[in-house]
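Peer 1: Let me begin by handing over the structure; questions about it come next.
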Amino acid sequence: MRSLLIGLLLIVTLVIPFIFWGTSFEDFFSPAGTRDLLESYGGWAWLCGMALLTADILLPMPATVVMSVLGLIYGPVLGGMIAAAGSFLSGVIPYVLCRQLGKGAARWLIGEKELEKGERLSGRVGGWAVALSRWMPLLPEVVACFAGLVRMPSGKYFAALACGSIPMGFAFAVMGHMGADRPLQTIVLSAVVPALLWLVVGRTLTRLSVND
C-alpha cells in the first residue's frame, strides 16, 4: 500500500510541471522552434539535444520532437545515436539517485514488506516495465525511480533501459530525417521493438545468471 502511495506521489510530482508549463513548453518547442534552438548552438547542437532530453526528468519537454529534430539535423544514424543516448541518460539519472538513497531510506519510504515485494516484482516483470515504459508519458521517470528504490540489479536495469531507449531514439530520428508525419507507426515501432529486444536480452541474462 505504501509503495502505491509513493508511486502516486511521484506521478503527482511529475504532473505539476505539466500543469504550470505544459502548454508554454509545447508552444516553445515546436519542431521549427526546436530546430532553431539546436542549430543556434552550432557544433554543440547534439549536446543541447541531449540536455533537453535529460531535462525531461523534471520538465515537460517534448522528447519526441527533440529526437525528431536530431534526426533532421544529424541524419537517421548519428541523430538516432544521440537521441538514444539522451533517452538512456534520462533513465540513468533518476535510477542512480534513488538507488543512492540506500536500502534504509527505501525501507523507511515504502516499508519492509513493500520493499521485499518490490524486489520480487522487479525480478519478474521489472525489465519489461523499464523497456516498455520509455515511449509512455510520465511512466519512464516513475519506473526509473521505483527501480532505484527497490534496488533492481543495475545490469538488468541498464539492459532493459537500452532495449527501450535505442529503438525509440532511432525511430523518431528516422521520422524526423524523412520528414514523415507518421506518429502512429513510430509509436508502434517504439513499443514493439523494445518488447522483442527484451524478450531476447532478458532470457540471455537469465541464462547467464543460472550458469553462474
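A short reminder: the numbers here are calculations on the coordinates, not readings from a lab. The structure presented is a predicted model; accordingly, all values stated were derived computationally and were not measured. Reconstructed Cβ throughout: ideal geometry from the backbone, glycine too, with neighbour counts over all protein chains shown.
Peer 1: Using mean Cβ contacts within 10 Å as the protection proxy, how do 62-73, 36-47, 89-100 order, highest first?
Peer 2: 62-73, 89-100, 36-47
Peer 1: How much net charge surrounds Ile73 when only other residues with a Cβ under 13 Å from its Cβ are counted (Lys, Arg +1; Asp, Glu -1)?
Peer 2: The answer is -1.
Peer 1: Can you tell me the length gained on complete extension of the stretch Ile93 to Met178, counting 0.36 nm per residue apart and subtracting the Cα distance?
Peer 2: Contour length minus Cα-Cα distance gives 27.5 nm.
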